[in-house]
Structure formats: structure tokens, C-alpha cells
């Protein structure tokens, strides 16, 4: 049985939304994940290119370790009825600026051919629902590149507000980039959900 992150009361579980199925990433997802991550747009703001297979394997290994250590991590996202992998959404632990961020963050990454359909918002909302109910979190953060307007738009639709903008090393360590730190509180999230009568 997986350990639990100190901030959570229960593990993240699989969930089905109106259009999507979210399941914890597993080793068998590597081939599909590698095919998606090789697309340059998928990692443009981090590397300016797609990932090589070995880099995707390292990403997947980190996600599997998160699940083992914390009871949450990345989930593979599939369009119903569970066809090809189209993205990854899940919860993580901040690796920098921990003093500014909540102890758990949400993140998303989708194949560019699926952009513009609202899938990132729908999948992330399903994860936040669990985070603020069964998992018992008070706040959830998010970190994105300050130039990534699509990602910022998703965060805003999830009710997230800006904490600060910070200069951080790029993922490949070759330069400094501006990171936008955001967060949403449980009370704000539940108000958004209830006011709309459905997940955002």
C-alpha cells in the first residue's frame, strides 16, 4: 500500500468525468506517453522541444515514485471510452519555492492535437474535487511558465489566483525563466463548483 503525503487524508483515485477517464500512470503507459511527449509543443516552454524516450521514461519513473511515496501523482487521461492516451494531469509536490506554495500542486500536459477542447480544465477539476473533499487539502498550488498563456488560462478557469512571479532555473538548467505561482483554496473551489452547478 502506498504511503500518504502528510497533508492528505486519502489517496488520489481513478475518476471518470463527462468526457474523460483518469487513471494513475503505470509502466505500461510508457509507449503512449513517449509518443505524446515527442511532440515539440508539449514541452515547448520547458525545453523548446519534445522529449526523447529516455527523458519520458525518467518522467514516468518520477510519477510512479510519487504514487508510492505520497498516494498521488500523475494520471493518464483518455477520452471515453478509454481510447488513446491524450494527456497527463495530477498532483505533485513542489520542488522549489516550497515556502511560497501549498504542500501539493496540480499540473497538466496534453497532446497539442487535443488543445482547445477544455480537457485540461475538465480533468484538473476532477482532481481538485478529490483534493478538496476526500483528500482533505486546504489549498492547492500550481506553477507554470509566465509566458504560457494557455496554461495560465486553465489555472484561471480553475479559480486560481496569483501568488507571485519568480525567476527559477529552467527544467534543463540552461537558463532562467519566469515562473507564475498560483493557488486556490478549498472554500473558493467549492464556491466555484456550487455556483456553476457543475465542475468548471
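Each of 119, 47 was scored by other Cβ atoms within 10 Å of its Cβ. Listed from fewest to most, they are 47, 119.
Structure remark: mean-square fluctuation, Gaussian network model of the chain, C-alpha springs under 10 Å; the largest value among 144, 42, 164 belongs to 164. Here the spin labels are modelled as points 7 Å beyond Cα on the Cα-Cβ line, and at residue 13 and residue 113 they lie 3.3 nm apart. By other beta-carbon atoms within 10 Å, ranking 97, 85, 181 with the fewest at the front produces 97, 85, 181.
Dividing the alpha-carbon radius of gyration of the chain by the rule-of-thumb value 2.2 N^0.38 Å gives 0.96. GNM remark for the chain: springs join alpha carbons under 10 Å apart, and the peak mean-square fluctuation among 99, 41, 122 falls on 99. Report the residue, chosen from 80, 101, 33, that carries the largest GNM mean-square fluctuation when the chain is represented by alpha-carbon nodes joined by springs under 10 Å. Comparing 80, 101, 33 in a Gaussian network model of the chain, the most mobile one is 80. How big is the gap, in Å, between the Cα center of region 121-188 and the Cα center of region 32-59? Cα centres, region 121-188 to region 32-59: 20 Å.
One decimal place: the segment residue 80-residue 150 gains 22.8 nm when fully extended, by the rule 0.36 nm per residue minus the C-alpha distance.
Placing dummy labels 7 Å off each Cα toward the beta-carbon, the span from residue 31 to residue 52 is 2.2 nm. Modelled spin labels at residue 44 and residue 166, positioned 7 Å past Cα toward Cβ, are 2.6 nm from each other. Using 0.36 nm per residue and subtracting the Cα-Cα separation, the extra length available between residue 133 and residue 188 on full extension is 18.5 nm.
None of the figures in this text is laboratory data; all of them are computed from the coordinates on show. Only a predicted model underlies this, so the values are computations on that prediction, with no experimental measurement involved. Positions of Cβ are generated from backbone atoms using ideal geometry, with glycine treated the same way; all protein chains shown enter the neighbour counts.
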